[in-house]
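Everything on this sheet refers to the single structure shown next.
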Amino acid sequence: MSTDRASGRAQGRSSRRQRAVRRRLRAYLLGFGAVIAALAIVGGLAAAVSVAVGPRVTNVHVDPAAAIAASGARLIITTSQSLAEVDADQVTVTPATPFQVDTAGRTLGIRFTVPLDDSTEYTVSIAGVTGVSGDVATTITETFTTPASEIFLLQRGTAEGDTIFRTDLTGEQAVAVFAADHIEDFRATAEHLVVWIDDAGTSSLIVTDLDGNDPQELPLPAEGYLSGLQSADRGEQIGYLFTDADPSVEGALESALFTTSLNDPAAEPTRVAVAGVDERIAQWSFVPDTDSILLMTFDGALMLTQADGADPTAFGSALAIDGIAAGTSEAIIERLDGIYVLDLATGDESVLVPADTEGLEGAVLPIPGGETVRTLYPVTAEGYPTGATEVAVVTAEGTATVVYSAPATDALLQTCVSPSGQYVAVLVAPGVADNPYDGYQLPLPETVETHIIEVSPEGGVAQEVVALTGFAISWCQTSVAWR
């Protein structure tokens, strides 16, 4: 009897404990459910608020230094929502510059199709931006400032030898970065310097970083000498013409075109030869924003080809390649019957409109926007050259604005333009009658000056920024006196 009562009391206590546990479990589940419901409501409200206010900017990326060096720099904007497609009509860039726009998920990209000016504030405004699931539009505005230009310049005959300097456009912060005996020329890429050195008629190429450190000798096709050293606007590619030390030997290379990648300095150079045409190259140029090369053979055949010589396109005969504007496919070509603007993408060409000035026209350099930089030779009323030389910026309609004048006592040796066309660099030999040439393969007067002119400053009047001692400013695509 007592055992039954004890068992009943134990069962009662167990039953009460179970009921208490069930009550606590129900309370926990009810509370947890309330929390989940509240979170769902808050999340729904947040999503509704996000849609209601439209896309918000969460990240912005742009490289202003790269934007002044070459075309193709991008402003990348990441937002809080996947975006509806943005049209170019919704985008305004100030100061005005050509661009392309693309939309992918939460990312909006603005690609600048030409290089930008230095020391300039750019504002990009995109109106009517909406998410793919919302109808609330917002305007996104971003501003960035490009840095001041930095250039490289070569001086021959310094105390340390021939020296490459890096400097700003004041010339007051020049730093020597590389020196060697007998530097013929050099080119600068985004990451490297490539230095052409001559030793008793035999050439070598040295690649360094932009501070002149970690020098390495690039392999050449054989022992010989170079000409026409160039660098691509991107991709760390360089090219040059090579001639064997004894070109009279059967099978020797003569003015053969080679390219090499600075990303693999030890690799053997690649020969660029187009089947069926003269393999000797008179002139050539990398085509901006592509892997293509425009070349002219010794017999005047003008060809567009891939970097290995494949898939050539013939463009008739030519006398010279004057240049290709950065960020475009338009080349200035000299033919027997005149100077033409040739679109390498379509094959269309048109006659270059003459400058509206009296006198003779010389070299023509294209710049983005359809303008050109031309060398002019003024004449007297009787039609005779005065001996002076002028450099003018000429619009597509032929309106010329003279930005530099050299007297008859000076020799104008070369003009080059900055990537955006903001500046023109004019290489001058002052007092050329008493300024003897040196004995280099690319000979130059012993004293040369590079005058830098800002051709489109605020106020619209061209003005000289500085005159620097030296030549081969890193804006130049080709060597001085190489034509």
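The values are calculated or read from the model by the stated rules, or taken from the named source; none is laboratory data. Since we're looking at a predicted model, the values are computed, not measured. Virtual Cβ from ideal backbone geometry, glycine too; neighbours counted across all protein chains shown. These accessible areas exclude ligands, DNA and RNA; they are computed on the full protein's heavy atoms, side chains included. Shrake-Rupley method; radii C 1.70, N 1.55, O 1.52, S 1.80 Å.
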I'm trying to understand the selection: among the residues of the range 55-98, which are open to solvent by 50 Å² or more (accessible area, probe 1.4 Å), of a type outside the set (Val, Ile, Thr) and touching a residue at least 24 places away in the same chain (Cβ under 8 Å)?
56, 65, 69, 74, 82, 95, 98
Would it be correct to say that residue 132 is of a type in the set (A, V, I, L, M, F, W, C) and more than 30 Å from residue 369 (Cβ to Cβ)?
yes
Restricting attention to the range 108-122, does a residue exist that is assigned to a loop (DSSP other than H, G, I, E, B), within 30 Å of residue 215 (Cβ to Cβ), in contact with a helix residue (DSSP H, G or I) (Cβ under 8 Å, 6 or more places away or on another chain) and touching a residue at least 40 places away in the same chain (Cβ under 8 Å)?
yes
In the range 344-368, which residues are open to solvent by 70 Å² or more (accessible area, probe 1.4 Å) and not in a strand (DSSP E or B)?
345, 346, 348, 354, 356, 358
Residues satisfying the stated conditions in the range 146-201, i.e. part of a strand (DSSP E or B), touching a strand residue (DSSP E or B) at 6+ places or on another chain (Cβ under 8 Å), touching a residue at least 12 places away in the same chain (Cβ under 8 Å) and open to solvent by 30 Å² or more (accessible area, probe 1.4 Å)
150, 155, 156, 158, 165, 166, 168, 176, 178, 179, 192
Where residues in the range 73-101 are of a type in the set (Asp, Glu) and part of a loop (DSSP other than H, G, I, E, B), which of them is nearest to residue 121 (Cα to Cα)?
87
Going by the conditions given, is residue 271 closer than 27 Å to residue 72 by Cβ, among the basic types (Lys, Arg) and open to solvent by 40 Å² or more (accessible area, probe 1.4 Å)?
no
What pairs come up if the first residue lies in the range 336-363 and is among the aromatic types (Phe, Trp, Tyr), the second is exposed (fewer than 12 other Cβ atoms within 10 Å of the Cβ), and their beta carbons are under 8 Å apart, counting only those six or more places apart or on different chains?
340/350; 340/351
Tell me which strands (runs of 3 or more DSSP E) are completely within the range 293-343 and hold 1 or more residues being over 29 Å from residue 73 (Cα atoms) and open to solvent by less than 10 Å² (accessible area, probe 1.4 Å), or say none if there are none.
301-306, 320-324
Residue check, residue 363 touching a Gly at 6+ places or on another chain (Cβ under 9 Å) and over 22 Å from residue 478 (Cα atoms)
no
Can you find a residue in the range 38-54 that is modelled with pLDDT of 50 or more, surrounded by 11 or more Cβ atoms within 10 Å (Cβ to Cβ) and part of a strand (DSSP E or B)?
no
Do we find a residue being among the aromatic types (Phe, Trp, Tyr), closer than 30 Å to residue 55 by Cβ and assigned to a strand (DSSP E or B) anywhere in the range 132-145?
yes
Report the residue count in the range 438-468 for those that are assigned to a loop (DSSP other than H, G, I, E, B) and within 24 Å of the chain's Cα centre (by Cα).
5
For the range 192-222 the number of residues that are modelled with pLDDT of 95 or more and charged (D, E, K, R) is 4
Odd one out for residue 467 among (1) surrounded by fewer than 16 Cβ atoms within 10 Å (Cβ to Cβ); (2) among the aliphatic types (A, V, I, L, M); (3) modelled with pLDDT under 95
(3)
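Table: residues versus (1) at pLDDT below 95; (2) of a type outside the set (Phe, Trp, Tyr); (3) under 22 Å from residue 119 (Cβ atoms); (4) out of contact with any Phe, Trp or Tyr (no Cβ under 6 Å at 6 or more places or on another chain).
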| site | (1), (2), (3), (4) |
| --- | --- |
| 363 | yes, yes, no, yes |
| 379 | yes, yes, no, yes |
| 439 | yes, yes, no, yes |
| 448 | no, yes, no, no |
| 462 | yes, yes, yes, yes |
Checking the conditions here, which among 389, 372 is closer than 22 Å to residue 98 by Cβ and either aliphatic (A, V, I, L, M) or open to solvent by less than 70 Å² (accessible area, probe 1.4 Å) (or both)?
372
